[in-house]
């Protein structure tokens, strides 16, 4: 079995990393990680066919399994942001083929590959988090081959092993989620001896994570010019008091109604005040009625009037989230009136029919 070299070479970027113009942090330190991915080999079907033809077989059909799952575990030391030295263990998986012959028989072959590597990595940082890298190194791989035959195929040497040191190349990209945790996507080529006198290449494309120990970024020293002595600062004025602003329902609505009269100069002044600096985040609008009518009716009327004032302020640009409207019916009366004629009673109870706007930073009492 022979695993031959695939077309093309991976780009090696270590030398270019030395000329990178990106400002580097102090990234020196140890790290470890692991990758998993797909490994791929080219089985030399032509050589297998040639050997079988030389053995007297007339027809050969070969079925190859040249892909498997591979992984690697590694540890390294980052000298700076541009260079690192990395050592690891790899398992490239198992590859096999079956040759069917005439006269009738089969030849089965499989190979397992694992070993150790030592690589020098060069990085090109594109930002504080993202970089590309290339690697060049050596791998010490162990190849274990097994062969078996059926029918007319007789295998004289069913097992073969080989340990050899060869070249290793790779390239990839790295993204740092944090100073300590990063992800890699990379492709690598392992030059190997296949234990039956041939050398070939195994390619692996993988994704993995690495963790850096004690990862920190060195602070940048900044020389500050001498600062002039601060000028005396006057003490800040005391915060404005929040007060209650009372509006007469007679000025806002017609009797027994929740429709806002137009125009509303006083509500416009309140809207302007609420847009100013230092105005509270929450403004409470409370509607009240007099005692005339049922409790349920008065409660609903007071709620409708509070909501009407809230809607008016919203139409002037005050955010709805700052306004809270509620009704309290005939509660908290300002005046108490004796029984008398209905017209006089309505006039006497006028101060109780009102809308109060609480938590205001302006103070102004409206004449009833």
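The table below gives the values:
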{"read-out": "Test: residue in the stretch 255-262 that is assigned by TED's automatic domain parsing to the domain that holds residue 314, touching a helix residue (DSSP H, G or I) at 6+ places or on another chain (Cβ under 9 Å) and at pLDDT below 80", "value": "yes"}
{"read-out": "All positions within the stretch 51-90 that are out of contact with any helix residue (DSSP H, G or I) (no Cβ under 9 Å at 6 or more places or on another chain), crowded, with 17+ Cβ neighbours inside 10 Å and over 20 Å from residue 150 (Cα atoms)", "value": "68, 70, 71, 72, 74, 76, 78, 84, 86, 88, 90"}
{"read-out": "Complete set of residues in the stretch 302-329 that are over 21 Å from residue 279 (Cα atoms) and either assigned to a loop (DSSP other than H, G, I, E, B) or free of Cβ contacts under 8 Å to residues at least 12 places away in the same chain (or both)", "value": "328, 329"}
{"read-out": "Residue list for the stretch 271-298, filter: in contact with a helix residue (DSSP H, G or I) (Cβ under 7 Å, 6 or more places away or on another chain) and in a strand (DSSP E or B)", "value": "283, 285, 286, 287, 288"}
{"read-out": "All positions within the stretch 330-351 that are within 10 Å of residue 290 (Cβ to Cβ), within 60 Å of the chain's Cα centre (by Cα) and without any contact (Cβ under 8 Å) to a residue 60 or more places away in the chain", "value": "330, 333, 334"}
{"read-out": "Tally of residues being closer than 22 Å to residue 198 by Cβ and touching a residue at least 12 places away in the same chain (Cβ under 8 Å) across the stretch 138-178", "value": "26"}
{"read-out": "Residue in the stretch 247-262 that is surrounded by 17 or more Cβ atoms within 10 Å (Cβ to Cβ) and in a strand (DSSP E or B) present", "value": "yes"}
{"read-out": "Count of residues meeting criterion [out of contact with any strand residue (DSSP E or B) (no Cβ under 8 Å at 6 or more places or on another chain) and touching a residue at least 40 places away in the same chain (Cβ under 8 Å)] in the stretch 290-301", "value": "3"}
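The values are calculated or read from the model by the stated rules, or taken from the named source; none is laboratory data. What you see is a predicted model, and the numbers here were worked out from it, not measured in a lab. Backbone-built Cβ (ideal geometry, glycine too); neighbour counts: all protein chains shown.
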